[in-house]
Each structure stands twice: as C-alpha cells, then as structure tokens.
Amino acid sequence: MTALDDATSDDLTAAGVAWDIDSIIPAGSTIDDLYDEADRLAAGLEGLRGRVGSLDAAALAEAMTTIGQIEDLLARASNHAQLAFSTDTADPARGAAVARDQQRTTEIRTRLIFFDLEWAAADDAHVEAVLADPRLSFCDHYLATQRLMRHHLLSEVEETVLAEQQQTGAGAWSRLFDEVTSAIEPELPEAMGGKVPLMMALSHLSQGNRDARRAAADAVTAALQPGLRTRAFVYNTLLQDKALSDRRRRFPTWVSSRNLANEASDESVQALVDAVVGRYDIPQRWYRLKAGVLGLEQIADFDRMASVAGDQRPYGWSEATRIVRDAYESFSPELAAGVDRFLTEGWIDAPLRPGKRGGAFAAPISPTHHPYVLLNWSSQARDVATLAHELGHGLHFLLAREQSIFHMTTPLTVAETASVFGETVTSARLLAELDDPNERFSFLAGLLEDSIATVFRQVAMNRFEHAVHTHRREVGELSVERFGDLWAETQSAMLGDAVEITDGYRSWWSYIPHFIHTPGYVYAYAYGQLLALAVYARYQAEGDAFVPAYLDLLRAGGSRSPEELGRIVGCDLTDPAFWNDGLAIIEGQLTAAEDAARAAGRL
C-alpha cells in the first residue's frame, strides 16, 4: 500500500494543521501589557537625549540592551496581531488589532527617533572606538549598518511626522490591498471546485489537462477584473508615496533604499540583474522544450506551470512531511530535529481557508520565542517544495535565535539562502532515487520550473517594478492599461517568442503582494537562489565536512555583512562572475532535462 493509498481527505487538505500563537503573549499578560512595558522602557531612555553620540561603550551597551527589550516586546505584540490577521483577513476584529498595533508601535518607536539620529551624527572616530568594545558585540553590526542611513535621515520633527503618517499612508494602503486580494475567489467550473480562493485557482495551472489550465486562467482573469481599478489606484498611490520619500531622503533611484537595507550597492545589484537578463535564453529554451513535450507549437502563459508528468497525483500532509524531514535528516540530524519541532509543536498553519492570506511565509518572532510557518496547502507537488522552502527559513530563524534581536535576521539578499538550500537538498535526495528516464525528466522539469520562477521570473518582475516606478516619477499616474502594457513587455522580454502572452494575463500583476509591501524585494529571490546553488555546489564538493560551516552560517543570522556571511561557506559575493556560476548550474539542469526527455522518448 502506498502513502497515497493511506492519504485521507483530512490528510490531503492538511486539516487541523494550525498554529498555536497564544504563547507569543507571555502567560498572565495581555497584548496591551507588552505595549505599556515597551512604552515605559522607551520613556526611560529619553534622558539620553543630546548625549547618544558621546556615550562610552558601557553606557551604549546598557541603552542598546533596553532597546533590545523594547523591540522584543513589540515583536511579540506585532507578530501576534499580524499572524492572527493572516489566517482570517476578513475578520474585522483582527484587522482592528493590526491597526491598533501600528498605532501603538509607532507611538513607542517615535520616542526613540532622537537616538537613531544622534547615533548617525556621531563622530566617526568615536564610533570606531566604541564598536570595537566586546560589550557591544550583540549589536555592533546593527549599529554600524544604521550609520549607512546617515545621509538620508531628516530632522527629528520630520522623521516623527513621517512615522506617524505611515499609519494612514503606506501602511493603510498595504492593508487595504491585502483585504481586497484575499477576498478574490475565482469561479472555476463545478468539476474543478467551483468558487475557490485565488491561490487554489492558481494551483490548477499545474494541471496536465490544457482545457483545465485555460479554464483556471480564464477564471482568475475574470476574478481580477472587478477590483482592478482599485488595485491600480492603490499601487499608484504607493508608487508616488515612495517617490516622495526617496526625494526627501535623497536616494538617487527607486531601488537605492532597498539596496542600502540589503547592504548591497546599486552597482552590484545591477550586475546581478544584467547577468540574469543576459541569460534569458535559458527560460526560452526550456519553454520551447516544454512545448515539444506537450505536443504544442508554442505554449501560452497559462501553460508555463503545466505538469509534464500528466495529471499530478496529490500529496498528503503526512507523506510530504516525511519526504521533507528525511531530506533534512540526510544533511543534518540537528536540522531534522528542528523540523520535528515545527511539525509537532503547533508552529505551522497549513490549510486553505476563505479569507486566509495567500502564499507562504515564515515569521521569526524574536530570540525569546520560536518562529512560525504559514502555508496554503493544496496537496500539489509544488506544495512539498514550498514546505521544504519555508522550513528552511524557519530553521534559519531557529538557529539564529542565539543572536540578539538586532542580529537575528539577515538582509533580504541572504534571507533566501537557507530556504532555497533546503529545497535543493530535498530535491537532490528525491532525484537520486529515480532511475527511469521519464521520472527523471519530470523531476528535473520541476527543478527547472523552480529555478526559472525564482531567478528569471523574479528579475523580470524587478524590470516591471523598475518600469512602473520610473513611469510614475517621470510621466505620472499609470492607467490600468499602462500597467498591463509594462507587465506584458517585461514578461515578453524574458519569454521571447517561446511563450504566447494572452490578453487576460495583462492584469496578473495586480495580485502580487511584494510590489505593494516591499518595493524592490523580488531581486533578492534571484540573489538568494544563485547564492544557494553556489553554496550547494560547495556541499557537493566537500560532503559532510561542509555541514558545520553551513550551520555556522545559519547561526550567524545577520551579525555580519552578506559578503562576510558568504565567506563562512567559501563564497565570494563581490566577484561579478559569481552570478554566472549559479546561472551555469541552472543551464546544466536544463541540459540534463533535455537529455532525459530524449531518453524517455518525450520528443
């Protein structure tokens, strides 16, 4: 009997796999107690006004310890509100809790704006001296990177006003976007489930039946239409909000603030983008191969994720978790033990539900509490990879808890490394067990789909962001039609003549949350994927001897720069050729898929 035979309806839907977030709020306390204590601690620091730039190492360490306590309290309160809201965005009480969190958190953090401004203005020689003191090791890298913003900070009054207006500005618009997109429910044919959440409808694009894929795409397009003008207005407003902020802060480009936060130069990020764009031949070559396998002259946009293994069989939760856990066990028993904790201690929320936020994510919470993972489980093969991916994030957070709250998380450019590495380990373990050419081709196809989605599609989306931010700044507000034009143009650049862009696809930019919440974020996926592939290549070359260095990388969190973190595992992120090495690995996957397709008689 197979695992599939054993799978029940509840197992296929991951019913009951829900997180327990009550422990985020300490026993005997309320969420308001956390805000009140953070506010009291922040008030106690106001006596440092006018002296921050001259504090000695001991006094600065004491102040930073208090700020760390404040951030821990606020992290717990904010994450509790956000996680509760993410599982039911239609609940007014949960939405109100998020709004209250934004209000209280802003009030508390504005008390400490003076601290950041005075630290940024401190004398360079003094800063160098105090940061050399080991008593500040728990926050030294954080304090050093904070000073990178010194040329972009405004006066205390201006910073306070901007922070307070965030609640009714970008933060409010972002929340509106989440609420309206979470309510989108495409109407599929009754045989395919009828009215379903957006993420469930999108999962049907991987079906082997082309009519089913077309029906799912048509249903998604139809469901996106009613609120399209509203979502375009939200995006236009946020584009202008960012343009005004960048102008005030003297950032030269729309993505410069993101690059600074990522500790990456504009030039290095552009080198990554140029390297990926320069290899758009890889996805085009794959989609031509895919067309041949599917028996088509040319695939359409709704065929891109089509299964090349026929109709995909579903994966139950128990089978999927076994696969992923065994893969992590094959690499590191310590990581497998961490996976066990996520699976058994209520750290994952998996089932699809009406009103639940789409996609998947991992939330670090704080060094004094464990992380969580959110999924939207639809029992597809892709969900198994997503589980491995998000557990990679979660394990990274779990190991990095030994760092302070200042160093627990990494810049976005490194944040995807552990997740993609976890996916790759899982995939390599499964591939090693496949001897049949047809099965190998199907599996390699899945790896390529992931690489193309994570590297090439994300950079194409970066090019879309670049186009819309530039248009908003140089021309003005974008119409729905102009958004569609730029989306089609930047997607077509990647897809070439290998994929037909349908008229319906022109609106599909409008449900992607990264454009709204974290402008400029998407290139970090490509960065992380190519970095992770390079890290995995080191593991292949070194074997078990590599594992301690990799665990050291995870434990380091964000306590060092991305370049320094890369050196822990023998990677030189400053070498422009580094990106080409990662792209060559993806090309190697493509060549192997072509060989397997021919051996299997699929062409």
Can you list residue pairs whose Cβ atoms sit under 6 Å apart, with the first residue in the range 551-568 being farther than 12 Å from Glu263 by Cβ and the second being assigned to a helix (DSSP H, G or I) and among the β-branched types (Val, Ile, Thr)? Count only pairs 6 or more apart in sequence or on different chains. Asp552/Ile568; Leu553/Ile568
For the list (1) on the phi > 0 side of the Ramachandran plot; (2) of a type outside the set (Phe, Trp, Tyr); (3) touching a Leu at 6+ places or on another chain (Cβ under 6 Å), I need the number of the one condition that Val414 fails. (1)
Qualifying position, being in contact (Cβ under 8 Å) with a residue 24 or more places away in the chain, closer than 21 Å to Ala453 by Cβ, in a helix (DSSP H, G or I) and not polar (S, T, N, Q), among Ala216, Ala222, Ala212: Ala216
Restricting to the range 47-67, and then to whatever is crowded, with 18+ Cβ neighbours inside 10 Å and of a type in the set (Gly, Ala, Ser), can you tell me which residue is nearest to Trp173 (Cα to Cα)? Ala63
Would you call Leu434 touching a residue at least 12 places away in the same chain (Cβ under 8 Å) and either in a helix (DSSP H, G or I) or at negative phi (or both)? no
Conditions: (1) assigned to a helix (DSSP H, G or I); (2) farther than 21 Å from Ser451 by Cβ; (3) not charged (D, E, K, R). Tyr328 meets all but one. Number of the miss? (2)
Out of the helices (runs of 4 or more DSSP H) lying entirely within the range 1-63, which hold 1 or more residues that are among the acidic types (Asp, Glu), over 27 Å from Pro197 (Cα atoms) and at pLDDT 95 or above? 31-45
Tally the residues that are crowded, with 18+ Cβ neighbours inside 10 Å and either in contact with a Pro (Cβ under 6 Å, 6 or more places away or on another chain) or in contact (Cβ under 8 Å) with a residue 40 or more places away in the chain (or both), restricting the search to the range 237-248. 3
Do we have any residue at all in the range 530-541 that's under 30 Å from Thr426 (Cα atoms), of a type in the set (Ser, Thr, Tyr) and either assigned to a helix (DSSP H, G or I) or modelled with pLDDT of 95 or more (or both)? yes
Which one is farthest from Ala201 (Cα to Cα), of the residues in the range 325-352 that are β-branched (Val, Ile, Thr) and surrounded by 22 or more Cβ atoms within 10 Å (Cβ to Cβ)? Val339
Given the criterion under 20 Å from Gly278 (Cα atoms), among the aliphatic types (A, V, I, L, M), surrounded by 16 or more Cβ atoms within 10 Å (Cβ to Cβ) and under 25 Å from the mean Cα position of the chain (by Cα), identify the matching residue among Leu554, Leu533, Leu565. Leu533
Ser206 is checked against (1) crowded, with 16+ Cβ neighbours inside 10 Å; (2) modelled with pLDDT under 95; (3) closer than 25 Å to Pro92 by Cα and fails just one. What number does that condition carry? (3)
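The values are calculated or read from the model by the stated rules, or taken from the named source; none is laboratory data. Since the model is a prediction, treat every value here as computed from it, not as a measurement. Here Cβ is always computed from backbone atoms with ideal geometry, including for glycine, and neighbour counts include all displayed protein chains.
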